[in-house]
Amino acid sequence: QALTQLEGAFAFLILMDHALFVARDKYGLRPLSIGQMSDGAYVIASETCAFEVIGARFIRDVQPGEVIRIKDGQLKSTFYTKKTSHHLCAMEYIYFSRPDSHLEKINVHTARKHSGKILYKEAPVKDIDVVIGVPDSSISAAIGYAEAAQAPYEIGLIKNKYVGRTFIQPTQQMREQGVRMKLSVISSIVKDKKVVMLDDSIVRGTTSKRIVSLLKEAGAKEVHVRIASPAIRFPCFYGVDTSTVEELISKKMNNEQLCQYIGADSLAFISEKGIQEAIYIDHPQGLCMACFNGHYVTDLYDNET
């Protein structure tokens with residue numbers, strides 16, 4: 001009864017003295033999976049890569065609107081509502097999830113690599129010297145773009161593993177400082193080269209502007225930026241910290257203005273159709289892409305944006 005009153009994205013694990021209860025939101029916005037250990041014990045994780053680490057095997061996904069009770073080694077399934085849909089967040093594939101995870105039976109690395117190939121078809125760059133990806137979530141897309149372009153893929157950027165994700169830092173100053181600490185360029189890879197740089201998304205533009213600047217400071221002759229997601233123009237109300245329109249640079253600038261702002265020689269995003277093709281899900285509802293097109297899967301309230 002409590003779950004029927006909730007709108008939005010959630011995945012609950014509720015541990016009680018006698019049982020573990022698992023629940024997923026009725027829209028399936030966030031992933032949740034069931035695995036099983038060799039001794040028969042059940043495990044729950046938001047990504048299937050966790051099962052590999054502990055030696056569990058994947059059993060199945062928790063379905064939207066499903067409540068599962070795990071007690072005495074047995075699973076009991078019920079649904080708290082019949083009004084369910086499949087709208088897994090597209091950004092789970094594009095950015096959040098690990099490449100070795102499978103979401104809705106689709107491998108994340110494969111989907112990202114496919115998006116890179118589609119992006120080359122939609123926005124090719126001629127006479128490329130080298131393709132690089134912004135580590136880590138853009139590497140797979142960069143490999144796909146390079147394969148489609150028949151151009152060499154190289155590791156041109158090195159990530160400091162001890163710096164967290166910069167786009168969720170609370171202030172602009174902290175985000176800029178984080179980007180400076182986060183990435184360094186292998187100058188011998190990019191010097192005097194026509195570089196295509198793949199990134200997963202542009203939210204506020206801070207990271208992209210800094211990386212283009214780093215590449216040109218390292219001697220890159222041209223830097224062409226390709227983004228393996230559509231432009232983010234709408235805030236997410238389902239747990240991602242992009243809460244206001246004012247923070248989203250693609251809402252304030254068109255493609256030409258944004259290209260000039262980040263200092264790139266060209267800029268292109270994959271289309272919505274392209275990302276749907278890359279992340280093929282066998283459900284009629286498809287993906288939640290509200291941050292790209294403003295088509296939210298839930299009713300919104302108190303939303304002034």
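Quick one: is Ala23 buried (at least 16 other Cβ atoms within 10 Å of the Cβ) and farther than 26 Å from Pro99 by Cβ? I'd like the intermediate steps shown before the answer.
Working: buried (at least 16 other Cβ atoms within 10 Å of the Cβ): yes; farther than 26 Å from Pro99 by Cβ: yes.
Taking the combined requirement at face value, the residue satisfies it.
Among (1) in contact with a helix residue (DSSP H, G or I) (Cβ under 6 Å, 6 or more places away or on another chain); (2) outside any loop (DSSP other than H, G, I, E, B); (3) not acidic (Asp, Glu), where does Ala146 come up short?
All conditions pass for Ala146, except number (1).
Only one residue in Ser229, Ser250 is in a loop (DSSP other than H, G, I, E, B), in the same structural domain as Ser115 (by TED's automatic domain parsing) and buried (at least 21 other Cβ atoms within 10 Å of the Cβ), so which one is that? Can you show your working first?
On the way: Ser250 fails: in a loop (DSSP other than H, G, I, E, B).
Just a single option satisfies the conditions, and that option is Ser229.
Hey, any hits in the stretch 92-111 for a residue that's of a type in the set (Gly, Ala, Ser) and more than 29 Å from Ile143 (Cα to Cα)? Can you show your working first?
Of all residues in the stretch 92-111, those of a type in the set (Gly, Ala, Ser) come to 97, 101, 111.
Next, only the ones that are more than 29 Å from Ile143 (Cα to Cα) stay: none.
No, that holds for no residue.
More than 17 Å from Val223 (Cα to Cα), surrounded by fewer than 18 Cβ atoms within 10 Å (Cβ to Cβ), in the same structural domain as Lys193 (by TED's automatic domain parsing) and in contact (Cβ under 8 Å) with a residue 40 or more places away in the chain, is that true of Glu122?
Numbers: more than 17 Å from Val223 (Cα to Cα): yes; surrounded by fewer than 18 Cβ atoms within 10 Å (Cβ to Cβ): yes; in the same structural domain as Lys193 (by TED's automatic domain parsing): yes; in contact (Cβ under 8 Å) with a residue 40 or more places away in the chain: yes.
Yes; evaluated as a whole, the condition is true for this residue.
Conditions (1) hydroxyl-bearing (Ser, Thr, Tyr); (2) touching a helix residue (DSSP H, G or I) at 6+ places or on another chain (Cβ under 6 Å); (3) part of a helix (DSSP H, G or I), marked per residue:
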residue	(1), (2), (3)
Thr4	yes, no, yes
Glu7	no, no, no
Phe12	no, no, no
Asp17	no, no, no
Lys26	no, no, no
Gly35	no, yes, no
Ser38	yes, no, no
Phe51	no, no, yes
Arg60	no, no, no
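Residue under question is Val245, and the condition is that it be touching a Cys at 6+ places or on another chain (Cβ under 9 Å) and modelled with pLDDT under 95; does it hold? Steps first, please.
On the way: touching a Cys at 6+ places or on another chain (Cβ under 9 Å): no; modelled with pLDDT under 95: yes.
It is false that Val245 is touching a Cys at 6+ places or on another chain (Cβ under 9 Å) and modelled with pLDDT under 95.
Run down Tyr80, Tyr95 and say which single residue is over 27 Å from Val225 (Cα atoms), surrounded by fewer than 23 Cβ atoms within 10 Å (Cβ to Cβ) and either in contact with a strand residue (DSSP E or B) (Cβ under 8 Å, 6 or more places away or on another chain) or outside the structural domain of Ala9 (by TED's automatic domain parsing) (or both). Break it down into steps so the answer makes sense when it comes.
On the way: Tyr95 fails: over 27 Å from Val225 (Cα atoms).
Just a single option satisfies the conditions, and that option is Tyr80.
Pick from Asp136, Asp100: which is in the same structural domain as Arg233 (by TED's automatic domain parsing), of a type in the set (Asp, Glu) and modelled with pLDDT of 95 or more?
Asp100
So in the stretch 188-208, with the set limited to residues that are out of contact with any strand residue (DSSP E or B) (no Cβ under 9 Å at 6 or more places or on another chain) and at pLDDT 95 or above, which one is farthest from Tyr162 (Cα to Cα)?
Taking the stretch 188-208 first, the residues out of contact with any strand residue (DSSP E or B) (no Cβ under 9 Å at 6 or more places or on another chain) are 188, 191-192, 203-206.
Next, only the ones that are at pLDDT 95 or above stay: 188, 191-192.
Numbers: Ser188: 24, Lys191: 27, Asp192: 30 Å.
For the stretch 188-208, the residue satisfying everything is Asp192.
Can you find a residue that is closer than 20 Å to Ser208 by Cβ and under 14 Å from the mean Cα position of the chain (by Cα) anywhere in the stretch 123-132?
no
With Ile70, Ile54, Ile44 as the choices, which residue is touching a residue at least 24 places away in the same chain (Cβ under 8 Å) and over 20 Å from Ala9 (Cα atoms)?
Working: Ile54 fails: touching a residue at least 24 places away in the same chain (Cβ under 8 Å); Ile44 fails: over 20 Å from Ala9 (Cα atoms).
From the options Ile70, Ile54, Ile44, the qualifying one is Ile70.
Residue check: is Glu47 touching a helix residue (DSSP H, G or I) at 6+ places or on another chain (Cβ under 9 Å) and outside any loop (DSSP other than H, G, I, E, B)? Explain how you work it out, then say what you get.
Numbers: touching a helix residue (DSSP H, G or I) at 6+ places or on another chain (Cβ under 9 Å): yes; outside any loop (DSSP other than H, G, I, E, B): no.
So Glu47 fails the test.
The values are calculated or read from the model by the stated rules, or taken from the named source; none is laboratory data. All of these numbers come straight from a predicted model, not from anything done at the bench. As a convention, Cβ positions derive from the backbone with ideal geometry for all residues, glycine included, and neighbour counts pool all protein chains shown.
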